[in-house]
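In what follows, a structure is listed as structure tokens, so that the remarks can point back to it.
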Amino acid sequence: MIVVTGATGNVGRALVRMLTEARVPVTAVARHITDADVLPGVRAVSADLAEPAGLRSAFEGAQALFLLVAGEDPHGVLKEAKSAGMRRVVLLSSQGAGTRPETYRHPRLFEEAVRDSGLAWTVLRSGGMATNAFAWAESIRTRREAAAPFGDVGLPFIDPDDVAAVAAAALRQDAHAGATYTLTGPAPTTPRERAAAIAAALGEPVRFTDQAREEAHALMARFMPLPVVEGTLAILGEPTEDEQRVSPDAERVLGRAPGTFAAWAERNTAAFR
């Protein structure tokens, strides 16, 4: 049995599907989840990573845990995992934990807890994900417009399905124990290029607007802590060489190149129609 936290998210949902297709028993955990949210045969448990004691029933009988950075007590979560008899944990962290540790302290805390847990561990430091483009869904659907800051700055965004595929391998194979992987897509793309890729997938033009940093800051601050807003805008606008570099880790684990943003857009045109 493998427990997947964040099972209704972009990575978690894909991971549950991949494990189920591989005939691996899965418990899908999220704060608000029901049997209707999961595939047949998947056990759904509503629980919150912010309350580790509430995870006990979800962890029963499991051997491995896919863990999100959520809540404030990773040690408590991992203690429950060990008490349940788990042997392995795979953490979904952020590339910023390596490139901007002072800003991304929360992921760093989780990484340290995982490494000190006594479990076999793997850390996945994901770069920006293609699903960030869902922020444009309403404006593209209604006006065929997309806006973002730093329109000509390229970053190698990754398809969340590829993150999930790496996680599935790390959860099932001993060879990934003790590894920290940086996960990126196969090539940098700019916001302008990503909007153009969605337009090509739709077969209709999409007008791109270069958003002012101040406007982007105000919008992001509505749902993100201010230090994370600042860190995110710094990566988007003034990425380091490491943040712009294509990592080989996903291809090494998967035995194939990660998918392009254009391919992701083709699969997800319904969100923008």
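Brief remarks follow.
- Taken as a whole, region 193-204 holds no residue that is open to solvent by 70 Å² or more (accessible area, probe 1.4 Å) and under 19 Å from the mean Cα position of the chain (by Cα).
- Among the residues of region 236-249, just one is open to solvent by 30 Å² or more (accessible area, probe 1.4 Å), touching a helix residue (DSSP H, G or I) at 6+ places or on another chain (Cβ under 6 Å) and assigned to a helix (DSSP H, G or I), namely D242.
- Pair list, Cβ < 8 Å and 6+ apart or interchain, from region 2-15 residues that are charged (D, E, K, R) to residues that are modelled with pLDDT of 95 or more: R13/A7
- For T209, the conditions (1) part of a helix (DSSP H, G or I); (2) farther than 29 Å from R256 by Cα are fulfilled apart from (1).
- Filtering region 56-69 to residues that are open to solvent by 30 Å² or more (accessible area, probe 1.4 Å), modelled with pLDDT of 95 or more and assigned to a loop (DSSP other than H, G, I, E, B) leaves Q63, V69.
- Some residue of region 148-162 being on the phi < 0 side of the Ramachandran plot and aromatic (F, W, Y): yes
- Residue list for region 13-32, filter: crowded, with 23+ Cβ neighbours inside 10 Å and in a helix (DSSP H, G or I): L15, V16, L19
- Total residues in region 140-160 satisfying the condition of being touching a Phe, Trp or Tyr at 6+ places or on another chain (Cβ under 9 Å) and within 17 Å of H217 (Cα to Cα): the figure is 4.
- Considering region 72-135, the qualifying helices (runs of 4 or more DSSP H), each wholly inside and each with 3 or more residues that are more than 13 Å from the chain's Cα centre (by Cα) and without any contact (Cβ under 8 Å) to a residue 60 or more places away in the chain, run over 74-83, 105-115.
- Residue list for region 207-231, filter: touching a residue at least 24 places away in the same chain (Cβ under 8 Å), within 21 Å of A137 (Cβ to Cβ) and among the charged types (D, E, K, R): R207, D210, E215
- Across region 33-47, the number of residues qualifying as open to solvent by less than 20 Å² (accessible area, probe 1.4 Å) and either of a type in the set (G, A, S) or under 20 Å from the mean Cα position of the chain (by Cα) (or both) comes to 2.
- Any hit, region 212-221, residues being open to solvent by 10 Å² or more (accessible area, probe 1.4 Å) and within 18 Å of A130 (Cα to Cα): yes
The values are calculated or read from the model by the stated rules, or taken from the named source; none is laboratory data. None of these values were measured; they are calculated from a predicted model. Positions of Cβ are backbone-derived with ideal geometry, glycine not excepted, and every protein chain shown enters the neighbour counts. The area values use the complete protein model at the heavy-atom level, side chains included, leaving out ligands, DNA and RNA. Shrake-Rupley method; radii C 1.70, N 1.55, O 1.52, S 1.80 Å.
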